[in-house]
1. Could we say that Ala44 is closer than 14 Å to Val89 by Cβ, aliphatic (A, V, I, L, M), modelled with pLDDT under 95 and surrounded by 12 or more Cβ atoms within 10 Å (Cβ to Cβ) here?
2. Being over 26 Å from Glu16 (Cβ atoms) and of a type in the set (Lys, Arg) narrows it down to one residue among Lys69, Lys42; which is it?
3. Taking the conditions exactly as written (part of a loop (DSSP other than H, G, I, E, B) and at pLDDT below 95), does Ala74 satisfy them or not?
4. Among the residues in the stretch 68-87, are any basic (Lys, Arg), touching a residue at least 12 places away in the same chain (Cβ under 8 Å) and in contact with a Gly (Cβ under 7 Å, 6 or more places away or on another chain)?
5. Within the stretch 48-64, track down each residue that is of a type in the set (Val, Ile, Thr) and either within 9 Å of the chain's Cα centre (by Cα) or not in a helix (DSSP H, G or I) (or both).
6. May I ask you to list the residues in the stretch 1-47 that are farther than 23 Å from Gln65 by Cα and assigned to a helix (DSSP H, G or I)?
7. Within the stretch 1-41, count every residue that is among the aliphatic types (A, V, I, L, M) and either surrounded by fewer than 11 Cβ atoms within 10 Å (Cβ to Cβ) or closer than 16 Å to Ile90 by Cα (or both).
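The values are calculated or read from the model by the stated rules, or taken from the named source; none is laboratory data. Computed from a predicted model, the values in this text were never measured in an experiment. Neighbour counts are summed over all protein chains in view; Cβ atoms, including those assigned to glycine, are modelled from backbone coordinates with ideal geometry.
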Amino acid sequence: MYTLLESCLEKLEIFEFINYVENGLRDMHHDIRLLSYLMLMKLALLCPNQLVQRLDKICESLKTQLQIKPKINAVKQEIDKQDELKRAVIRVVLALQV
């Protein structure tokens, strides 16, 4: 999806694409969510007006990610992954401010 965004943005139905990115934000896998945050940053640069129209749903997913706390018995790797996702959320918010 990221390659599609970079190479043929003009051929994409952008709102449908954003739907898939929103689904990726709610995915259980760390890598999928991280890629979804990268796509959000790219969308913020390439088509901010369309992204702003869907900001309510996106912000809910961002808020949820920021509020996740690691389990008490979480290993360092799990904590690092959660921290990485939180940093990605902050980068998305900064990209949306521009």
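1. For Ala44, the condition - closer than 14 Å to Val89 by Cβ, aliphatic (A, V, I, L, M), modelled with pLDDT under 95 and surrounded by 12 or more Cβ atoms within 10 Å (Cβ to Cβ) - is met.
2. Lys69
3. Yes; evaluated as a whole, the condition is true for this residue.
4. No: zero hits.
5. Residue satisfying the conditions is Ile58 alone.
6. Selection gives Thr3, Leu4, Leu5, Glu6, Ser7, Leu9, Glu10, Lys11, Ile14, Leu46.
7. Result for the stretch 1-41: 8.
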